[in-house]
Amino acid sequence: MHFLALIAGLSLVGATFAEDEPKTHLGVFSNEAEEFKIVTMMIHEGGLAYFHAAVSGQIGEWEFDETSSTLSMEFLNPSTVEDQTLNLKFDQRTRSYDLIKPGKEVADDPPYELHFISDEIPDRMIEAFKAYPAQIKKIRAQVATEREFERRREEQLKRERPEYERIVAKIKAEPRAALAKEFHRKELTELGQYPADVRAFRDTLADHDVPFPEDIVIDLIEAVPDDHYLLLALLFQRPELTSKTLNRFYPKALECAHQYYGVLANIAEHPNAPIELLEDLAARRDIPVGATNPAQNRLEKIEREKSNQ
């Protein structure tokens, strides 16, 4: 609403002075639509522009091609972290812009025709333009750091691929090999990944097409440290676990609920979870709802299935 009020005020200024001023491509332009349909462009003489559509906006650098009367605005897209270009066709006669879409000379679907509103860009936008060079420099440095980090991670994965595949093949051939304590480590590499052997073990465990006898899964649950919650959560997703086993380890899952409720949530969502366990978990008020809600949802689903029979 504040943005709409700003545009409305600028419209009055533009209506008063537009006839006496030159029709340049600079200034404030808008489709003057309401709410989420509003599109506005503020083009500053210093080489920066602000494009606002719906509820968000971007600052970027602009260039104007006199020959084609086209303004190109380049900005960093925050969702893709990639540079994008926005092209608009300027009509000097009407002092308006049309948003150019790929494959079309101009956009033909409203509300993308932007009419001149005012030459006066709000002071707070001028301040934003002044701060932009330092801000975008910082953002681009962060992007470069993140991309370098991802590149190094990919290189590490590629180097470790033979070892990773060797461990996967070993565990598939002999599931009891998964009991080796070196596969249960929690420590990550400097690049934030599990070592190759640990990743191989965890990925194989997470693949439910790879069979693990229930006795081995039970041995793993008993062997894994009680505070290795992420690994315990994986183990309690294994389809081999029976109702009897889930009941047996339910107290163990309750103990770690306040540190990591995902273990209990996975038990609640397990197809073999017994009804009495679900009822107890759903009624609890001493643990996070992240664990009780899945149990409640399961009970509701069971009731619906009974009603539909």
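The values are calculated or read from the model by the stated rules, or taken from the named source; none is laboratory data. Please read these numbers as outputs of a predicted model, since none were measured by experiment. Neighbour counts run over all protein chains shown; Cβ positions are idealised from the backbone, glycine included. Accessible surface areas use protein heavy atoms only, side chains included; no ligands, DNA or RNA. Shrake-Rupley method; radii C 1.70, N 1.55, O 1.52, S 1.80 Å.
Debye-formula intensities of segment 99-204, expressed as log10 I(q)/I(0) at q = 0.16 Å⁻¹, are -0.86 (one equal scatterer per alpha-carbon, no solvent). Here the Karplus curve 6.51 cos²θ - 1.76 cosθ + 1.60, taken at θ = phi - 60°, turns the phi angles of segment 296-309 into couplings of 4, 5, 4, 5, 5, 5, 4, 5, 5, 5, 5, 5, 7, 6 Hz, with x standing for Gly and Pro. Over all distinct Cα-Cα pairs of segment 249-291, the Kirkwood formula returns a hydrodynamic radius of 10.2 Å.
At the listed q of 0.11, 0.12, 0.20, 0.22 Å⁻¹, the Debye profile of segment 172-295, built from one uniform point per Cα, gives log10 I(q)/I(0) equal to -0.37, -0.44, -1.12, -1.28.
Which whole number of Å³ per residue matches the convex hull of the alpha-carbon atoms in segment 149-221? Walk me through the intermediate numbers first.
Values: hull volume 6.4 nm³, N = 73.
Given the Cα convex hull of segment 149-221, per-residue volume reads 88 Å³.
Nearest 500 deg cm²/dmol is fine: what mean residue ellipticity at 222 nm does the chain get from its DSSP H runs of n ≥ 4 alone, each adding -39,500 (n - 2.57), divided by its residue count?
On the way: 9 runs with 145 residues, N = 309.
So the calculated ellipticity at 222 nm is -15500 deg cm²/dmol.
Stretched out straight at 0.36 nm per residue, the stretch from Lys301 to Asp91 would grow longer than its current Cα-Cα span by 69.6 nm. When the Debye formula is applied to the Cα atoms of segment 53-99, each taken as the same point scatterer, what base-10 log of I(q)/I(0) results at q = 0.14, 0.15, 0.32 Å⁻¹? Each listed q maps to, in turn, -0.40, -0.45, -1.17.
Straight-line cross-link reach from Lys244 at under 18 Å between alpha-carbon atoms covers these lysines, not counting any fewer than eight positions away in the same chain: Lys252. Under 5 Å between amide hydrogens, built in the peptide plane, is the criterion, and for Ile38 it picks out Ala54 among residues at least 5 positions away or on other chains.
A 1.4 Å probe run over the protein chains yields, for segment 80-197, 66 Å² of accessible area per residue, whole-number rounding. Summing +1 for each Lys or Arg and -1 for each Asp or Glu among the other residues whose beta-carbon sits under 10 angstrom from that of Pro195 gives -3.
Along segment 272-277 the Karplus relation, 6.51 cos²θ - 1.76 cosθ + 1.60 evaluated at θ = phi - 60°, assigns HN-Hα couplings of 9, 4, x, 4, 5, 5 Hz to successive residues, with x for each Gly and Pro.
Once Rh is set to the Kirkwood radius over Cα pairs, what Stokes-Einstein translational diffusion coefficient, in µm²/s, holds for segment 212-269 at a temperature of 10 °C and a viscosity of 1.306 mPa s? Before the final figure, lay out the partial values.
Numbers: Rh = 11.1 Å.
Roughly 143 µm²/s, to the nearest whole number.
Database remark: amide H of Ile117 closer than 5 angstrom to the amide H of Val28, Phe29, Ser30 (H placed geometrically; neighbours at sequence offset of 5 or more, or on other chains; Pro and chain starts carry no H). When the label point is put 7 Å from the Cα of Glu269 along its Cα-to-beta-carbon vector, which residues of segment 226-250 have a backbone N closer than 15 Å? 230-239, by backbone N distance to the label point. Close amide H contacts of Ser69 (hydrogens built in the peptide plane, cut-off under 5 Å, sequence separation of 5 or more or a different chain): none are found.
Take the Cα atoms of segment 46-173, build their convex hull, and give its volume per residue in Å³.
Numbers: hull volume 25.9 nm³, N = 128.
Taking the convex hull of the Cα positions in segment 46-173, it is 202 Å³ per residue.
Taking N as the residue count of the chain, its C-alpha radius of gyration divided by 2.2 N^0.38 Å amounts to 1.55. Per-residue surface analysis assigns Glu120 an accessible area of about 120 Å², computed on protein heavy atoms at 1.4 Å probe radius.
Estimated at 0.36 nm per residue, the fully extended path between Leu76 and Ala180 surpasses their Cα-Cα distance by 32.7 nm. Computed over protein heavy atoms with a 1.4 angstrom probe, the accessible surface ordering of Lys181, Lys170, largest first, is Lys181, Lys170.
Over the chain, with every protein chain in place, what whole percent of the accessible area is carbon and sulfur at 1.4 Å, could you tell me? Show your work: numbers first, answer last.
Numbers: 9270 of 17890 Å².
Answer for the chain is 52 percent, counting heavy atoms of protein chains only.
For segment 136-153, the Karplus equation 6.51 cos²θ - 1.76 cosθ + 1.60, evaluated at θ = phi - 60°, returns couplings of 5, 4, 5, 5, 5, 5, 5, 4, 4, 5, 5, 5, 5, 4, 5, 4, 5, 5 Hz by residue, with Gly and Pro reported as x. Once you sort the root eigenvalues of the Cα gyration tensor of segment 129-170 as a ≥ b ≥ c, which label holds: rounded (a/c under 1.5), prolate (a/b larger than b/c) or oblate (the other case)? Prolate is the answer for segment 129-170, as a/c is 1.5 or above and a/b outweighs b/c.
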